[in-house]
1. Please work out the Cα center distance from region 73-118 to region 1-42, rounded to the nearest Å.
2. If you project the alpha carbons of the chain onto the principal axes, what extent comes out on each, in Å, largest first?
3. Could you sort Thr125, Thr110 by accessible area so the largest value comes first, with the probe set to 1.4 Å?
4. Counting DSSP beta bridges with both partners in the chain, what percentage is antiparallel, nearest 5?
5. Go through region 84-90 residue by residue and turn each phi into a ³J(HN,Hα) via Karplus (6.51, -1.76, 1.60, θ = phi - 60°); whole Hz please, and just put x for glycine and proline.
6. Please give the per residue accessible area of the chain, computed with a probe of 1.4 Å over protein heavy atoms only, in Å².
7. I need two numbers for region 88-135: Rg to one decimal and Dmax as a whole number, Cα atoms only, in Å.
8. Quote the accessible area belonging to Phe54 in square angstrom, nearest 10, computed with a 1.4 Å probe and with ligands, DNA and RNA left uncounted.
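The values are calculated or read from the model by the stated rules, or taken from the named source; none is laboratory data. All values reported here derive from a predicted model rather than from experimental measurement. Ligands, DNA and RNA are excluded from the accessible area calculation, which covers all protein heavy atoms including side chains. Shrake-Rupley method; radii C 1.70, N 1.55, O 1.52, S 1.80 Å.
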Amino acid sequence: MPASIELQRRLRWADADAAGRLHFPRIFELVEEAESELVRGIEWPMNRSMGYDFPRVHLECRFLRVLALDDPFRLRLAVGKLGRTSIRYDYQVFNAADELAIEGTMTLVTLQNGQPTEIPESLRTALSGETRILL
């Protein structure tokens with residue numbers, strides 16, 4: 001099983017729209033938070049000190065159930081596919097009843113000096129491993 005992370009959260013005011021539900025673009029910030037914690041957990045530097053950039057090139061999101069203000073939820077992010085130069089993360093958000101509320105993918109590409117490049121072997125190995133982080 002590839003590297004994954006689960007975050008337990010509650011929907012905050014900052015995440016809600018005027019109707020008190022998850023404001024749709026906030027899901028991408030939550031997914032990016034999970035990715036940051038996962039990468040930090042496998043001890044890959046989040047800064048550019050290794051000389052790589054990881055821009056997002058494709059995002060998908062499917063909303064199945066409402067998350068309302070102060071609702072607890074669990075976000076699971078896992079490596080879905082490692083290509084030659086790209087990483088696809090799969091994510092699911094479960095509500096308090098453990099029902100699937102949101103699902104999607106986020107794909108990024110590995111760049112070095114502004115050009116697509118192969119995923120560094122140390123990162124590929126770490127993302128392929130059985131690292132499981134719970135926060």
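1. Between the Cα centre of region 73-118 and that of region 1-42, the gap is 12 Å.
2. Result for the chain: principal-axis Cα extents of 44, 29, 23 Å.
3. Output order, biggest surface exposure first: Thr125, Thr110.
4. The antiparallel proportion sits near 90 percent.
5. Running phi through 6.51 cos²θ - 1.76 cosθ + 1.60 with θ = phi - 60° gives 6, 10, 10, 10, 10, 9, 10 Hz.
6. Ligands and nucleic acids excluded, the figure is 56 Å² per residue.
7. 15.0, 46
8. For Phe54, solvent-accessible area is about 50 Å².
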